[in-house]
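These notes are about the structure you will find just below.
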Amino acid sequence: MVDADVVIRDELEALSSGAPDERPDWDDVLRRAGDRSPRVRPRRLAFALAVVTAAVLVATALATGIPGRLGSWVSGTPGSPAPAGLQHGFESSNRAAYAAFPAGTKLRLLLSRTVGGTTFSLLGFRNGDAYCLRLVRTDHPDAIGRNECLRAEELSNVPALVVGDVRFSVGDPAKNVNGVYGFADDTVRSLLVERLRGQDAVAVKNNVFLSLRSVRAGSVQDHPLPNPVFAIHARLRSGGTKNVPYVSASFPGGVVPGGKRPTGPSYFGRSSQQSVPGPAKVTAPIAHPTIAWLKKHEERGKPLPPVRFGNVVFGRVIQPDPDDPVAVGIAIGARGALCDYAFAPLAPRISGGGCGTWFQQGPIRLGTWEVAPIEHFNGFVADGITHVTAFLGSGRIVQAALRDNVFTVAVSATELPARIVGYDAQNRVAGTAEMLGNSVLRPCPTPTFTKPVGALPRAKPWERIDLANMTVNGKQILGLSPAAVEAALGKPAVVRGAAQTTNGVAIPELRYGGALPSSLGLSVTFSKKGDRIFANQLFFQSPSLTDAKLGHVLRMDPLVLQHAIERRYGSVYRLYMSYGSVPSFGCNAILARRGRPSGLGLGLDPYRPSRPFLVIRKNALG
Amino acid sequence: MRGRRDRRLEEIETLYRERFAYFVQVARAIVGDSERARDAVQDGFAAAIRGRESFRGDGPLEAWVWRMVVNAARKALRPPLVAAGADQFEIAELPPRLLETSPLVARLPERQRLVVFLRYYAGLDYRSIAAALEIEVGTVSAALATAHASIRKALDEVHANG
């Protein structure tokens, strides 16, 4: 007799082995969530540094192909020796770090800036052929800070390059400090850092720059509009300016073509079908990709530190490049999954990672890293792959470090898309993996209306609104119970009884005018507070929606509608975010009700421009 | 640089990154194909992010997120239900891949199938499964016992006929 347990496990394993190797996409989750909280650094990790062998800023720049470009570094003594506190703070953090720089690394203080009452120090050091920057709060010298490096090749075609975008939370009451820092060569006099609103000119000192701004943190219901850096220009000593390639760190970010300020409502859209360079055809497939040493539990590299989530059966930490502290954890997890773990630079523990099937998409399995100006791709390759190469959209080709089936390679985000290619000992292509290109700033589309207003059906009760007092059919709907909403607006087409659940309590959604998200005219959603369930949002996309004074509001271009509301109801609403003015928020506008937390949202899904929408919210900014 | 107030977000993200494949597999067992399964996982985690402030911490976060994902998968499977209740467990059309590779598990009623997946595939304990599916712990136990009995019976039939 076969035990049912065994059968179940066998069947589930069979199902698992036939499943595609799904890759997570956290950015997509956040987009779907419409999350407006300050960007949490995706824990695709940040070990910054493609660095580190020798420790001191010695005059080795002449050997790296950068002579004459980073003059102050060629001399070996840019800036001044780091003050003792900053040096000791770094050493303290470095000693506790899993991916650490060599002991004895000496820092130089390149520049300091005080922003919002907090002073930040930008420190530099060299290791091997890498140029490294450490940004840290001067009053927290032993914090992890941000540590990034680049190699000479990455600066070869540009006058300046951002190596890190940063966000610090400081002070009480809290303030957010955010900005960028990086390298600039000898031809650059200063940098012009453009934000969505305003711009900052920052001087270049010791071939580095630092641009920071402070803004009050605010609260959920009263937070300042994001004002991310979206473009950077280098002002040259010879006169004129050059655009500095930059992938906006706003969230979700993207590339602003030419660094030109948007002229109208914009959003970051999918990148066009940019071809990915490098060989795409596998000429020497590996029939049964595996990593034998891992399966045999050979103790290579270093032991894996404790993992917060999940059960690791066996794991090790591999440092592919002996001259570079970047390390990746490789492990066999529960039920035989293959797991990868990453380590933030100077962080004392695992900072992120994931488990999945072994090599379902071929003999290259990508790992976990952080979305950052310098991205540190890593992953695993199956036995039989002897070298790994990255072909970048910029045309550059970079050799990855490879050891014990783990590879790492650092690439500027501006150079994407990319293809990672694994070769066997005969230089045949054994496997490839693609890295997508960046999103691109695009203008919000003009809405497309097929039916003239005169041909629209007469507005139903739930399609009659009065923006002067946020009522529907003459009644205040926000705050009502589901039953009271039905009593006020009539029977809905669909009641989704458990559209969401909170602590086990089903919270409904009422849909009027259609059943599907694409066809409904009004969706009423609810919140729960204590035992009370109440309407907190009315989402309209019915073309027949009619305001008492403005008429058919959803037959207007959203920007026209926004202006109309400002003119007609200026005493009721204040404009919080103009339509399409924050590309990372898409083609949307927000108007907050004066003196109250409620307000309006309006906009357009760029991928479905036929149905603009209007939202009445209990919490406009929440 | 991680804000303290976003610690929950980080926990959700860590869970996502470390358990993504498991979430997709279980969602696939519900909806039947990879594309919709992946979509459901993305939607489920998005819902978890939106609702993270409502998580009281009186149970495992993972179980709470599983509930979001399972709900999202169910929504992806079915057209909207008129006045649907929270406890809908009709048998959905069986996913072809599930039928092919896991015929005995696949033929279990949906509730048992889900419990089996969450227990054996996702590795959740009884309490977490109960929280994820919004059912009692006893129901989890009963569902597993019934699933075992069904599979044993099917195996006995196979052996008897073989």
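Here the Karplus relation 6.51 cos²θ - 1.76 cosθ + 1.60, evaluated at θ = phi - 60°, turns the backbone of region A:421-433 into coupling constants of 10, x, 10, 8, 5, 9, 6, 9, 6, 9, x, 9, 9 Hz, with x for every Gly and Pro.
Against the main long axis of the alpha-carbon atoms of chain A, helix A:84-96 sits at an angle near 90°.
Applying 1/(1 + (r/R0)^6) with R0 = 41 Å to the Cβ-Cβ distance of residue A:293 and residue A:349, what FRET efficiency is obtained, to the nearest 0.05? Using R0 = 41 Å, I get an efficiency of 0.95. Amide H contacts under 5 Å for residue A:333: A:313, A:338, A:339, restricted to partners 5 or more places along the chain or on a different chain, H placed in the peptide plane at 1.01 Å from N. Compactness check for region A:61-269: Cα Rg over 2.2 N^0.38 Å is 1.04. I'd like the orientation of helix A:558-568 relative to chain A: the angle between its Cα long axis and the longest Cα principal axis, in ° from 0 to 90, rounded to 10. For A:558-568 against chain A, the angle is about 50 degrees.
Peptide B:119-131 is shielded by partner chain Cβ atoms: per residue, an average of 2 of them sit within 10 Å of its Cβ. Over region A:535-622, the Kirkwood radius and the radius of gyration, each from Cα atoms, give a ratio Rg/Rh of 0.93. Taking every residue in A:498-508 and counting other chain Cβ atoms within 10 Å of its Cβ, the average works out to 5. Need one value: the accessible area of residue A:409 in square angstrom, 1.4 angstrom probe, rounded to the nearest 10. Its accessible surface works out to 10 Å², give or take rounding.
Rounded to the nearest 20, the size of the Cβ-charge dipole of region A:493-622 about its Cα centre is 360 debye, with Lys and Arg at +1 and Asp and Glu at -1.
A helix-only calculation puts chain A at -3000 deg cm²/dmol for mean residue ellipticity at 222 nm, using -39500 (n - 2.57) for each DSSP H run of at least four residues, averaged over all residues.
Shown here is the pair-distance distribution of chain A: with all Cα-Cα distances grouped in 20 Å bins from zero up to the longest one, the shares run 17, 44, 32, 7, 0 percent.
What's the whole-number percent of alpha carbon pairs in region A:119-221 lying beyond 23 angstrom? It works out to 31 percent of all Cα pairs. Under a 5 Å amide H cut-off, with hydrogens placed 1.01 Å from N, residue A:499 pairs with A:507, A:509 among residues at least 5 apart or on other chains. With Cα atoms defining each centre, region A:543-618 and region A:188-217 are spaced 33 Å apart in the structure.
Remark: for residue pairs A:451/A:618; A:451/A:491; A:205/A:260, the C-alpha separation exceeds 29 Å in A:451/A:618.
Just to be sure I understand the curve: with the Debye formula and one point per C-alpha of region A:453-617, what is log10 I(q)/I(0) at q = 0.10, 0.17, 0.20 Å⁻¹? Here log10 of I(q) over I(0) equals -0.36, -1.06, -1.41.
Listed values for region B:9-26 are Karplus-derived 3J(HN,Hα) couplings in whole Hz (6.51 cos²θ - 1.76 cosθ + 1.60, θ = phi - 60°), namely 4, 5, 5, 5, 5, 4, 4, 4, 5, 7, 10, 3, 4, 5, 4, 5, 5, 5, and x replaces Gly and Pro.
The relative contact order of region A:274-441, computed from alpha carbon pairs under 8 Å that lie at least 6 residues apart in sequence, is 24 percent.
Using the Cα coordinates of region A:274-441, the gyration tensor eigenvalues translate into equivalent-ellipsoid semi-axes of 25, 20, 14 Å, sorted from longest to shortest. How big is the gap, in Å, between the Cα center of region A:126-160 and the Cα center of region B:9-28? Region A:126-160 and region B:9-28 have Cα centres spaced 33 Å from each other. Helix A:4-17 sits at what angle to the longest principal axis of chain A, using alpha carbons and giving 0 to 90 degrees rounded to 10? Between helix and principal axis, roughly 80 degrees. Annotation: amide H of residue A:379 within the under-5 Å range of A:367, A:407, sequence separation 5 or more or interchain, hydrogens built in the peptide plane.
Rolling a 1.4 Å probe across the protein heavy atoms gives region A:541-613 an accessible surface of 36 Å² per residue. Express the carbon and sulfur contribution to the solvent-accessible surface of chain A as a percent, rounded to the nearest whole number, probe 1.4 angstrom. Taking all protein chains in place, chain A shows 52 percent carbon and sulfur surface. Derived value for region A:173-257: Kirkwood hydrodynamic radius 13.9 Å. Basis is the mean of 1/r over every pair of different alpha-carbon atoms. Within region B:15-48, the residues that become at least 50 Å² less accessible when every protein chain is included than when their own chain is isolated (1.4 Å probe; DNA, RNA and ligands ignored) are B:16, B:17, B:18, B:22, B:25, B:38, B:42.
Mean partner shielding of peptide A:352-361, defined as the number of other chain Cβ atoms within 10 Å of each residue Cβ, is 3. Charged neighbours of residue A:462, selected by a Cβ distance under 15 Å, balance to +1 (K, R count +1; D, E count -1). Rounded to whole numbers, the Karplus 3J(HN,Hα) couplings from phi for region A:484-498 are 5, 5, 4, 5, 7, 10, x, 6, x, 5, 9, 10, 8, x, 10 Hz, using 6.51 cos²θ - 1.76 cosθ + 1.60 with θ = phi - 60°, and x at Gly and Pro. Between the C-alpha center of region A:324-353 and that of region A:391-464 there is a gap of 25 Å.
Ordering B:40-50, B:138-148 by mean Cβ neighbour count within 10 Å, with the highest value first, yields B:40-50, B:138-148.
The values are calculated or read from the model by the stated rules, or taken from the named source; none is laboratory data. The structure displayed is predicted, hence computed values, not measured ones. Positions of Cβ are generated from backbone atoms using ideal geometry, with glycine treated the same way; all protein chains shown enter the neighbour counts. Side chains are part of the model used for accessible areas, which takes the heavy atoms of the whole protein and leaves out ligands, DNA and RNA. Shrake-Rupley method; radii C 1.70, N 1.55, O 1.52, S 1.80 Å.
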